[in-house]
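Read-outs: derived from the displayed coordinates by stated rules, not from any lab. All of these numbers come straight from a predicted model, not from anything done at the bench. Here the Cβ is made from the backbone with ideal geometry for all residues, glycine too, and neighbour counts use every protein chain on show.
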Amino acid sequence: EDQVTQSPEALRLQEGESSSLNCSYTVSGLRGLFWYRQDPGKGPEFLFTLYSAGEEKEKERLKATLTKKESFLHITAPKPEDSATYLCAVRTMKTSYDKVIFGPGTSLSVIP
Amino acid sequence: DGGITQSPKYLFRKEGQNVTLSCEQNLNHDAMYWYRQDPGQGLRLIYYSQIVNDFQKGDIAEGYSVSREKKESFPLTVTSAQKNPTAFYLCASGSELEVEQYFGPGTRLTVT
């Protein structure tokens, strides 16, 4: 069964304390893995798409990496404004429609 | 500005009433999607449409209905048959050229 899990469920960091969020997936026929940022009461904001193992993408303090079974979102020297829920999703190839499966998210709090 | 709009932001209804949530996009995307988000769970797909005048059920379509009469618009009706309608509803769109989806700001529906 296609599945996406994320860990930890919640993460509390001091400002400047670097860490990583994990997204593990078991799907057949990966078309892409996505990271989104979601602020409370708002829609998810697209961050990255990764297509194949070994690929890396960066944006400001965020860096996303991909292996055959998981993806990491590395946050370097986080600031309070990085506090949000980070969602991981994968797009799989199906017969009639590419299905997108979302993980439950990691809630990140960065304390000044 | 290109984007996705959803209205209203907050919606309150009494049990037994049907309610329609609006979603409009000016990104010229062919595909549009409706998701439901509940605390601690990943986004779950309600309905999707890959082209005007055509739509397909997602994983949790029971108690919901949609229409796609225009490329820009994909309204969702939450009917009285939906047993637990209180949730945060997200509309998204995407194109053939990009694998990622882009989200609107969401509508929070409360049914009492």
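Between A:GLU81, A:GLU15, A:GLU58, where does the largest GNM mean-square fluctuation fall for chain A, given springs only between Cα atoms within less than 10 Å? Comparing A:GLU81, A:GLU15, A:GLU58 in the GNM, the peak value goes to A:GLU81. Between A:LEU47, A:LEU73, A:LEU21, which gets the highest mean-square fluctuation from a Gaussian network model of chain A, Cα cutoff 10 Å? Of the options given, A:LEU47 has the highest mean-square fluctuation.
Compute the signed sum of charges (Lys and Arg +1, Asp and Glu -1) over the other residues within less than 13 Å, Cβ to Cβ, of B:LYS9.
Numbers: positive: A:LYS42, B:ARG108; negative: none.
Net local charge, B:LYS9 excluded: +2.
Distance between the 7 Å Cα→Cβ label points at B:ASN26 and A:GLU56: 4.0 nm.
In loop segments of the stretch B:36-84 as defined by DSSP, the trypsin sites (Lys or Arg not before Pro) with at most 10 further C-beta atoms inside 10 Å of their C-beta are B:LYS83. Of the residues A:THR85, B:THR20, the one with the fewest other Cβ atoms within 10 Å heads the list, and the complete ranking is B:THR20, A:THR85.
Which of the chymotrypsin sites (Phe, Trp or Tyr not before Pro) found in the stretch A:54-112 are loop residues per DSSP with 14 or fewer other Cβ atoms within 10 Å of their Cβ? Intermediate values should be presented prior to the final figure.
Details: sites: A:PHE72, A:TYR86, A:TYR97, A:PHE102; in loops: A:TYR97.
Counting only loop positions with at most 14 other Cβ atoms within 10 Å, the chymotrypsin sites (Phe, Trp or Tyr not before Pro) in the stretch A:54-112 are A:TYR97.
Would you mind getting the Kirkwood hydrodynamic radius of the stretch B:35-76 from its Cα pairs, rounded to one decimal in Å? Don't skip to the end; give the middle numbers.
On the way: mean 1/r = 0.0912 Å⁻¹.
Hydrodynamic radius (Kirkwood, Cα only) of the stretch B:35-76 equals 11.0 Å.
Using a Förster radius of 30 Å, what is the FRET efficiency between B:THR112 and B:LYS57 based on their Cβ-Cβ separation? Nearest 0.05, please. Show your work: numbers first, answer last.
Numbers: r = 27 Å, r/R0 = 0.91.
Calculated value: 0.65.
Within chain B, DSSP assigns beta bridges of which about 90% are antiparallel (rounded to the nearest 5). For the pair A:GLN14 and A:LYS63, a Förster radius of 25 Å applied to the C-beta separation gives a FRET efficiency near 0.80, rounded to the nearest 0.05.
Taking R0 as 41 Å, what's the FRET efficiency between A:ASN22 and B:THR86 from their Cβ-Cβ distance, rounded to 0.05? If you can, show how the numbers build up before the last one.
Details: r = 31 Å, r/R0 = 0.75.
FRET efficiency, A:ASN22 to B:THR86: 0.85.
Distances between every pair of Cα atoms in chain A, grouped in 10 Å steps from 0 to the bin holding the largest one, split as 15, 48, 29, 7, 1 percent.
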